[in-house]
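Asker: Structure incoming, see below.
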Amino acid sequence: MTDKISVIVPVYNAAAYLSDCLESIVHQTCANLEILLIDDGSRDNSADICREWCRKDTRIRLIQKENGGVSSARNLGLEEAAGEFVTFVDADDWIGEEMLDKLVTRIKEDKSDLAVCGFREVHDGDRKQLSRYRKAASGSGDYQVLTAKEYAGNYLLSGNTRCWSILFDKRIIGSVRFQEGLTIGEDLLFLVDLLACLNRVSLVKSREYCYYRNEDGAMFSRFRPSYMDQITCWQSACGKLQQIYPEYVYKSRICLFQAALLTAGKLAMLSGQERKKLASYTQRCQQAAREAAADRKAWKGLSAGYKGKGILFLHAPSLYLFLYHRWKE
């Protein structure tokens with residue numbers, strides 16, 4: 001059979017959400033699927049739930065590994081994937097029942113290398129109406145076809161750095177893999193590494209993917225050293241874009257500046273004593289912001305709000321953190 005889609009689902013301690021996710025995948029109108037559940041060393045009963053689903057649907061396969069993070073789980077999924085197309089779905093999310101059908105249609109008809117759809121944020125209360133949300137996600141058939149350059153400059157570097165809600169022609173992925181050891185920003189680097197292989201990208205405007213806003217996730221937690229990964233990733237992206245689309249490097253530096261201030265904001269929420277112990281992280285945020293601000297085009301592209309905050313942070317970082325802390329209190 002042709003046109004099989006490999007759906008890669010990294011699973012880590014996802015017992016509370018996994019069945020909702022799989023329910024939405026097995027009921028896709030596009031039925032020629034293989035569903036790869038990559039259990040990344042879960043310590044709850046996620047593996048038991050996976051086995052139960054494997055018994056119910058022969059398209060589902062469980063692959064277990066030692067814990068290594070979401071990037072290592074996705075990479076193993078890519079090694080095992082047998083489909084002509086590949087997509088990633090996080091275990092706490094779910095998808096509209098026509099999502100894969102719409103995306104594969106666009107890739108084939110537009111001769112695109114990947115197709116991406118819109119998403120909606122969902123919360124715990126939405127799980128009670130899961131069937132309604134699966135159908136409601138399907139909407140207008142409006143779409144747009146972009147060149148690789150347009151995709152990079154007008155979409156990817158405008159904040160659309162997620163790898164989920166995308167269907168990839170597996171041929172363009174080739175040997176590209178997610179960088180392991182990162183907890184924030186790994187999606188961005190994967191997509192940037194694909195840019196050199198892309199010719200056309202299809203954008204489906206309807207919101208087919210339901211993204212669960214997990215208040216306990218990394219983006220909403222207290223500062224931890226791994227939060228610096230977003231700075232590392234944007235610095236790396238700046239270097240990679242210099243080789244592919246140098247005219248768009250300033251946009252990546254805008255994102256780097258914003259990432260530096262967002263990370264500094266996390267540091268600001270710690271106590272004064274904690275901030276002193278982590279002064280080296282503040283210094284790194286300041287260095288990254290200074291590096292980005294040195295690009296005059298990037299500085300001009302910042303909003304007035306970011307410029308105002310940035311001037312204070314660049315010249316008086318301790319005062320910035322203190323005032324930010326007081327404001328948030």
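We did not get these values from a lab; they are worked out from the coordinates using the rules stated. Keep in mind that what you see is a predicted model, and the values were worked out from it rather than measured. Cβ: placed from backbone, ideal geometry, glycine included. Neighbour counts: every protein chain shown.
Asker: Sorted by packing (mean other beta-carbon atoms within 10 Å per residue), highest first, where do 169-182, 253-266 land?
Answerer: Details: 169-182: 15.4, 253-266: 22.7.
The packing order, highest mean first, is 253-266, 169-182.
Asker: Something else: Taking all pairs of distinct Cα atoms, average 1/r, flip it, and tell me the Kirkwood hydrodynamic radius of the chain in Å to one decimal place.
Answerer: Numbers: mean 1/r = 0.0477 Å⁻¹.
That comes to 21.0 Å for the chain.
Asker: Sticking with this one: Cβ under 14 Å from TYR250's Cβ, TYR250 left aside: what net charge do those residues give with Lys, Arg +1 and Asp, Glu -1? All intermediate terms of the calculation are to be shown ahead of the outcome.
Answerer: Details: positive: LYS251, ARG253, ARG296, LYS297, LYS300; negative: GLU247, GLU291, ASP295.
Net charge around TYR250: +2.
Asker: What order do you get for GLU208, GLU247, GLU291 when you list them from fewest to most C-beta neighbours inside 10 Å? It would help to have the intermediate numbers written out before the result.
Answerer: On the way: GLU208 25, GLU247 11, GLU291 17.
Ordered by Cβ neighbours within 10 Å, fewest first: GLU247, GLU291, GLU208.
Asker: Another question, if that's okay. Rounding to the nearest 10 and keeping the result within 0 to 90°, find how far the Cα-based axis of helix 229-244 lies from the longest principal axis of the chain.
Answerer: 80
Asker: A further question follows. Starting from the 7 Å offset along Cα-to-Cβ, what nm value, one decimal, do you get for the label separation of GLU329 and ASN214?
Answerer: Between GLU329 and ASN214, the simple spin-label model gives 3.2 nm.
Asker: Same structure, new question: Stretch SER226-LYS111 to full length: gain in nm at 0.36 nm per residue minus the Cα-Cα span? Intermediate results must be reported in sequence, preceding the final value.
Answerer: Values: separation 115, 0.36 × 115 = 41.40 nm, distance 3.88 nm.
Extending this stretch completely gives an extra 37.5 nm.
Asker: Could I ask something else about it? Over the chain, with a Gaussian network built from C-alpha contacts below 10 Å, which listed residue (ILE49, ILE107, ILE95) shows the highest mean-square fluctuation?
Answerer: ILE49
Asker: Determine, for each peptide in 228-237, 158-167, the mean count of other beta carbons within 10 angstrom over its residues, then list the peptides with the highest first. Walk me through the intermediate numbers first.
Answerer: Working: 228-237: 22.0, 158-167: 18.2.
Top of the packing list down: 228-237, 158-167.
Asker: Between GLU52 and LEU314, how high is the FRET efficiency from 1/(1 + (r/R0)^6) when r is the Cβ-Cβ distance and R₀ = 45 Å? Nearest 0.05. Each step should come with its number before you reach the end.
Answerer: Working: r = 55 Å, r/R0 = 1.21.
Between GLU52 and LEU314 the formula returns 0.25.
Asker: May I ask you to derive the relative contact order of the chain, considering only C-alpha pairs under 8 Å and at least 6 residues apart, and to give it as an integer percent? Could you put the intermediate results ahead of the total?
Answerer: Values: 581 pairs, mean separation 53.9, N = 329.
Worked out over the chain, it gives 16 percent.
Asker: Still on this structure: Within the set of other residues whose C-beta is less than 11 Å from the C-beta of LEU36, count the net charge using Lys and Arg as +1 and Asp and Glu as -1. Please report the intermediate quantities before stating the final value.
Answerer: Working: positive: ARG59, ARG61, ARG74; negative: GLU34, ASP39, GLU79, GLU80.
Here the count lands on -1.
Asker: Would you mind counting up the charge near PHE119? Only other residues with Cβ under 9 Å from its Cβ, with Lys and Arg at +1 and Asp and Glu at -1.
Answerer: Working: positive: ARG120, ARG162, ARG207; negative: ASP93, GLU121, GLU208.
Local net charge: 0.
Asker: Let me know the volume per residue of the alpha-carbon convex hull for the stretch 222-328, in Å³. It would help to have the intermediate numbers written out before the result.
Answerer: Working: hull volume 9.0 nm³, N = 107.
That works out to 85 Å³ per residue.
Asker: Which percent, to the nearest 5, of DSSP beta bridges fully inside the chain are antiparallel? Can you show the working numbers first?
Answerer: Working: 13 of 39 bridges.
Approximately 35 percent, going by the DSSP bridge assignments.
Asker: Report the residues of the stretch 238-265 in range of a label on LYS297: point 7 Å along Cα→C-beta, backbone N strictly under 12 Å from it.
Answerer: Counting only backbone N, you get 242, 245-254.
Asker: Now for a separate question. Strictly over 26 Å apart at the Cα level, which of LYS108/LYS149; LYS266/LYS307; LYS205/LYS300 would you flag in this model? Provide the component values of the computation, followed by the final result.
Answerer: Working: LYS108/LYS149 20 Å; LYS266/LYS307 19 Å; LYS205/LYS300 30 Å.
In this structure, LYS205/LYS300 exceed 26 Å between Cα atoms.
Asker: With each pseudo-label sitting 7 Å past Cα toward Cβ, what's the HIS27-THR183 distance in nm, one decimal?
Answerer: Output for this residue pair reads 3.4 nm.
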